[in-house]
Each structure stands twice: as C-alpha cells, then as structure tokens.
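Each value in this text was obtained by applying a stated rule to the coordinates, not by laboratory testing. Since the structure is predicted, the reported quantities are computational estimates derived from the model, not experimental observations. With ideal geometry, Cβ positions are generated from the backbone for all residues, glycine too; neighbour counts draw on all protein chains shown.
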Amino acid sequence: MKSLPKNPNLDYLKKEAKKLRSLHRDSNPSCCARIRQLDTSFLGKHDQEILDANFSVMDSQRIIAREYGYTSWARLKHYIHSLTDNIYQGVSNKRAYQKLIVDSYDERSKNYDNSEWHRNMAIQLVDYAPPAEGQKVLDLATGTGTIAFHAAALVAEMGTVTGIDISKSMIAKCNEKLKDSKLQNLDFIYADAENLEFKANSFDRIYCASAFFWMSHPLAALRHWIELLKPDGRLGFHAWPDNSEIWGNISRKVLKNYGINYTIHQATGSVEKCRQMLELAGYKNIEIHEVKDGRFLSLQDAKGSLLNESDYAPGQYPHPLKNVPEEILTQAQVDFDIEVEKLNTDKGVWHDMSMFYVFGQKI
Ligand SMILES: C[S@@+](CC[C@H](N)C(=O)[O-])C[C@H]1O[C@@H](n2cnc3c(N)ncnc32)[C@H](O)[C@@H]1O
C-alpha cells in the first residue's frame, strides 16, 4: 500500500487519477496490473480486455484511493478535508476547557436523573452491544451511572464495572446510589476519560454515552481507549449529525459569514465521518446504527435559537462567541431567523434529533 505524502492535497491526488486514466486511454499496458489488482470487476482479465473496457474518471479515482488504503474516493477525500478543516485538532487549553465542563455538570448532577431522554439513550447503547456475564466494563463519563448500574446487573457477580467522570458531584451521586444498591461489582472513580491509568487490555466493553463530543482531543481519546480494550473488546459511543439544521447547520452557516467558526459535531457528524475516525484510530468491525428522530417546532420557537454564549460549544475553547461584539450577534440572529423562515412548512420547522450509536472493535 502506498503512503500519502506528509501534507496530502486533493489536487495532487486528482492529477494521479488523471494520469492513470490517460494511461488507460492511450492503451498503455502499464496501467493494467494496478487496475486488475484493485478493482475486482477486472480480476482475472487479460490486459487487452482491461484496455478495451470503459474506464471513467470515477473508476480511476477509486483505484488511486485504494492504492492509499481507502475503500473509496469519497473516504480519501473526506480524510484530506478533515486535515485541512482541522476537525481532529482538539482544544489547545484543555484545563480551562474541562473546567467549564466540570462546572456545568457539577450543577447538572442535582437533577440529571430526571432526564429520561439521556437515560433511554444510555441503556440503548449498552443493549446494542451488551456485555456477557463475568465481563469487565468501563463506563466513561458515567454521569449519574445509568450505564454502569445497568451493565453491573448484566455482568453479574463475576463481572466488574467501573464508572469514571471528571465531575466530582456526578461521582458523589453515583456513590450515593451505590450505597443504596446491593451491588458489589461496581465502583466509581473520579478521572479524566482522556487520561486513564488502567492497564492495557483490561476491558471487554467500553461505553461513552452522550459524552464523546466533550473530548478535547477525540481522535487521541479513541486511540487511548483501544489500548484499554481487551482483544475482541468493543467500544460504543453516541454521536450526532452535523447537518441538523436547528442544532448546528444554520448557526454554523450564519456565523461563518462573520468569520466565526462553530465546529459542533463536525468530527463525527455523519456515518461516514464516524467510520473514518474509528478506522483512523485502529478499530475494526465498525457498526453504526442511525436512529432517525425529530419533531416540528413552531416558527416562533425555532426562531431565536442561534447559538449563544451560554449554549454548549463542545470541542471548542474559548467559546466561539466569546468577545464577539453585540451588534454582530444581533445581526447574525436576524440572518438566522431568515434562514429558519425558509425552512418553515405548514407543520412548522423540522428539528432533527437523529443520532448515531457507534461501535468499533479491537482485533
Ligand atoms: C451528558 S453527560 C452523560 C452522562 C452519562 N454518560 C449518561 O449518558 O447519562 C456528560 C458527562 O460527561 C462527563 N465528562 C465530560 N468530559 C469528560 C472527561 N474528559 N472525562 C470524564 N468525564 C467527562 C461530564 O462530567 C458529564 O457527567
């Protein structure tokens, strides 16, 4: 397999694809072995048959992508874009970034258990890839321990579950609940999911419910967690589409016009992106369940929901609206409302709440 140059660029790769296509068009047999090897429809064909066949730009791009280890041109292209968009770059001031998270979830720990929505998603994550009796489970960013308690029942006495979180108040909540339960196979630790001290190859299952988007360096986190999985062990986490209009797309588009970069969910915002990221981190047998969901909002409710500084901006620090002058925000809000109006239907404005349940395995 060929390695990509240090700073790969799409134009260079397009030129390579053009060159290959020219070789084919000029009936130059030097292209045949490459095509035969990487396109199964030409397997076992003679050079002349390959040269006589149609060979489009897309065919040529697919061969180039495969020469670099990507199954399709789209995946190779996505990877190149991800480098230029810096979607895997992470935040530079991790300490300050995490302090905001801790402050917010310390507060939210008081009534976090009232959220049925979070609870159902967390249980569903486990149920897609449940641990067996006797297995070892790690629940990253456990919150109030929904997954941890559920998994502790599934692994039974011979198994163990550890829940970790950076919010001490969340961990205190978990310990209160643990005291009231009869479970002996469960413990909770205050720790940063991105910097854990467990031994390599320790866990059969690692879950991260509604929290992967908080990681300050998501790709590095995935690489850290694959170390902690046992061979054949599985990781599962949630991700959200980056094209959800109300929850990102319109704010992103409008703010971009004022030079403000809002990156929420961009690293894992599609099935393709989730797959790409897991592959880059070394996971195999990737499975992504896309659960479609959403509801109509009245135009009035939909308007006015441009990102504001008290909203989360996961993966970004400082907040993208920090120090943005008030008059720009006011104008951006007007632009936002205009965009929302364009989406209005007789039922209202569609508010997409779909999500991905993402799984990868360590082989
Ligand atoms: C939306 S809650 C999800 C809680 C739980 N997993 C659930 O689904 O109910 C997000 C949690 O992630 C935790 N968190 C965020 N970044 C973290 C990190 N780097 N390490 C550990 N916990 C983290 C927060 O403290 C918070 O408890």
Quiz item: Between rounded, prolate and oblate, where does the stretch 34-112 land on the alpha carbon gyration tensor, with a ≥ b ≥ c its root eigenvalues, rounded for a/c under 1.5, else prolate if a/b exceeds b/c?
Solution: prolate
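Ranked highest first by average number of other Cβ atoms within 10 Å, how do 1-8, 294-301, 332-339 line up?
332-339, 294-301, 1-8
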Quiz item: Which value at 222 nm does the chain reach when only helices count, each DSSP H run of 4 or more adding -39,500 (n - 2.57), with the total divided by all residues and rounded to the nearest 500 deg cm²/dmol?
Solution: -13000 deg cm²/dmol
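Would you work out the Kirkwood radius for the chain? I mean one over the mean of 1/r across all pairs of different Cα atoms, in Å. Please list the in-between numbers first.
On the way: mean 1/r = 0.0435 Å⁻¹.
The answer is 23.0 Å.
Could you give the dipole magnitude of the stretch 285-348 about its Cα centre, charging the beta-carbon of Lys and Arg +1 and that of Asp and Glu -1, in debye to the nearest 20?
Details: 6 positive and 13 negative charges, 23 e Å.
The calculation lands at about 120 debye.
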Exercise. Please turn the phi angles of the stretch 27-39 into ³J(HN,Hα) values with the Karplus equation 6.51 cos²θ - 1.76 cosθ + 1.60 (θ = phi - 60°), one per residue in order, whole Hz, x for glycine and proline.
Key: 6, 7, x, 5, 8, 5, 4, 5, 5, 4, 5, 10, 10
Exercise. Just name one of Leu219, Gly248, Leu38: the one whose Cα is farthest towards the positive end of the charge dipole of the chain (beta-carbon charges, Lys/Arg +1, Asp/Glu -1).
Key: Leu38
Quiz item: Could you give the dipole magnitude of the stretch 10-85 about its Cα centre, charging the beta-carbon of Lys and Arg +1 and that of Asp and Glu -1, in debye to the nearest 20?
Solution: 140
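Can you give the charge dipole size of the stretch 210-363 about its Cα centre, rounded to the nearest 20 debye, using +1 on the beta carbon of Lys and Arg and -1 on the beta carbon of Asp and Glu? Before the final figure, lay out the partial values.
Details: 16 positive and 20 negative charges, 134 e Å.
In debye, rounded to 20, the stretch 210-363 gives about 640.
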Quiz item: Of the cross-linked pairs Lys2/Lys99; Lys77/Lys168; Lys179/Lys199; Lys77/Lys292; Lys94/Lys284; Lys230/Lys322, which ones have a Cα-Cα span greater than 31 Å in the structure shown?
Solution: Lys2/Lys99; Lys77/Lys168; Lys230/Lys322
Practice problem: For the stretch 1-73 and the stretch 291-318, write down the distance between their C-alpha centroids in whole Å. | Solution: 44
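Of the DSSP beta bridges with both residues in the chain, give the percent that are antiparallel, rounding to the nearest 5. Display every interim value, and only then the final one.
Details: 17 of 35 bridges.
Of the beta bridges lying entirely in the chain, close to 50 percent run antiparallel.
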Quiz item: Residue by residue, what Karplus-based ³J(HN,Hα) values in Hz, rounded to whole numbers, does the stretch 187-201 have, using 6.51, -1.76 and 1.60 with θ = phi - 60° and x for Gly and Pro?
Solution: 9, 10, 10, 7, 7, 8, 4, 8, 8, 9, 10, 5, 5, 4, 6
Quiz item: Over the stretch 157-262, how many percent of alpha carbon pairs lie in each 5 Å bin up to the one with the longest distance?
Solution: 2, 10, 16, 19, 16, 13, 9, 7, 5, 2, 1, 0
Quiz item: Which of Ile286, Ile166, Ile64 moves most in a GNM of the chain, Cα contacts under 10 Å?
Solution: Ile64
Quiz item: Spin-label point model (7 Å from Cα, Cβ direction): what's the Leu280 to His46 distance in nm?
Solution: 4.6
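Would you mind ranking Thr146, Thr71, Thr263 by Cβ crowding within 10 Å, fewest neighbours first?
In order of increasing Cβ crowding within 10 Å: Thr71, Thr263, Thr146.
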